[in-house]
Amino acid sequence: MVPFAYAAAPSADAAIAHVARRRGAEFIAGGTDMLQLLQEGVRVPAELVDINRLPLDGIEVDTDAVRIGATARMSDVADHPRIRAEYPAVAEALLLSASPQVRNMASIGGNLLQRTRCVYFRDVVTPCNKRAPGSGCSALDGENRLHAILGASPHCIATYAGDLAVALVVLDANVVINGPEGARTLPVEALHRVPGDAPEVETVLEPGDLITAVLIPASAHARRSHYLKVRDRASFEFALVSAAVALDIDAAVIRQARVAVGGVGTKPWRLPAVEHALVGHRVDDELFHAAAARAADGAEPRRHNAFKVELLKRTVERALRTVGSRS
Ligand code: SF4
């Protein structure tokens with residue numbers, strides 16, 4: 001591991017100013033992804049600024065929304081009774097992530113910003129445009145069973161690895177970002193970038209920007225939401241395909257629909273064609289089958305991951321059926 005400096009942030013403003021000013025300085029909270037990347041030599045920060053002592057770990061639920069502090073631990077959010085009842089997709093996505101030990105350490109903000117699990121990204125002796133811009137992409141002609149079928153580019157086909165962000169997209173959640181220019185909110189859907197010709201730039205965050213909270217509005221479709229994850233083993237595994245679904249159903253008619261998927265896209269991937277096929281129609285298994293058939297529109301499978309096309313459709317259909325059957 002390359003040596004780095006360490007500082008505990010005395011305040012959010014001081015930490016933001018410091019990281020914006022000092023080249024190579026980065027925030028650290030739970031550190032569960034960061035420590036792996038440090039050990040592997042993938043990340044070599046000059047300094048880590050620890051934000052764990054800042055008062056950013058609150059979970060406030062009222063009738064209009066929930067505000068989750070960025071350093072709240074995944075396990076605390078997943079166990080919160082009102083989040084389980086009113087935002088079930090959030091609790092389900094968190095409980096299907098990582099292991100209990102990791103969930104006890106990992107922060108909500110860090111979870112949103114976790115890096116890809118592409119094996120070439122985490123192996124510093126292989127070419128990888130995301131880790132070493134311009135070096136090439138080893139996955140294009142290499143092992144790409146776990147890689148993306150949506151949103152890829154000739155420069156990178158890595159999937160976004162997280163679960164929580166996929167659930168937050170269907171709940172119309174925002175992140176609160178404090179930066180050198182002040183505070184702003186941004187839809188979670190707009191936080192991550194597709195790789196294009198700059199796969200090393202994964203989010204729209206600028207130097208010094210710190211996610212301080214997640215805001216989720218209360219809604220009828222949030223209450224009727226679900227997160228389904230399909231993976232190679234039953235725990236401590238990343239998604240082959242996942243689906244987050246939120247439906248507002250009134251008198252058996254779908255008034256609003258939100259559908260997003262993980263494990264298949266280079267960012268949390270919303271499926272507007274599926275949503276459009278659902279809205280205004282009566283809940284029905286045939287409707288769910290027909291809508292889910294649109295889930296893989298635009299997919300570009302690679303040599304080893306063509307199975308994800310059919311798996312994606314079936315995962316979305318199953319998630320829709322589960323939500324549709326909930327009272
Ligand atoms: Fe690197 Fe992306 Fe290619 Fe993986 S898919 S080797 S992360 S450029």
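Scanning region 218-269 for residues that are part of a loop (DSSP other than H, G, I, E, B) and closer than 16 Å to residue 281 by Cα yields 251, 252.
Does residue 155 satisfy the condition of being farther than 30 Å from residue 21 by Cβ, surrounded by 22 or more Cβ atoms within 10 Å (Cβ to Cβ) and either near the ligand (Cβ under 8 Å from one of its atoms) or among the hydrophobic types (A, V, I, L, M, F, W, C) (or both)? When the stated conditions are applied, residue 155 does not pass them. A single entry from 296, 292, 243 fulfils the requirement of being modelled with pLDDT of 95 or more, under 23 Å from the mean Cα position of the chain (by Cα) and open to solvent by 10 Å² or more (accessible area, probe 1.4 Å): 296. Counting only helices (runs of 4 or more DSSP H) wholly contained in region 86-128, the ones carrying 2 or more residues that are open to solvent by 30 Å² or more (accessible area, probe 1.4 Å) occupy 88-95, 100-105.
Just one of the numbered conditions (1) in a helix (DSSP H, G or I); (2) closer than 27 Å to residue 222 by Cβ; (3) in contact (Cβ under 8 Å) with a residue 12 or more places away in the chain is not true of residue 56: (1).
Would you be able to tell me the number of residues in region 213-228 that are open to solvent by less than 10 Å² (accessible area, probe 1.4 Å), among the aliphatic types (A, V, I, L, M) and farther than 17 Å from residue 185 by Cβ? Matching residues across region 213-228 total 1. The criterion of at least 1 residues that are farther than 14 Å from residue 240 by Cβ and of a type in the set (Ser, Thr, Tyr) is met by the following helices (runs of 4 or more DSSP H) wholly inside region 272-327: 307-325.
The values are calculated or read from the model by the stated rules, or taken from the named source; none is laboratory data. As the structure is a prediction and not an experimental result, all values here were calculated from the model. Neighbour counts run over all protein chains shown; Cβ positions are idealised from the backbone, glycine included. Quick note on the areas: whole protein, heavy atoms, side chains included, nothing else; ligands and nucleic acids left out. Shrake-Rupley method; radii C 1.70, N 1.55, O 1.52, S 1.80 Å.
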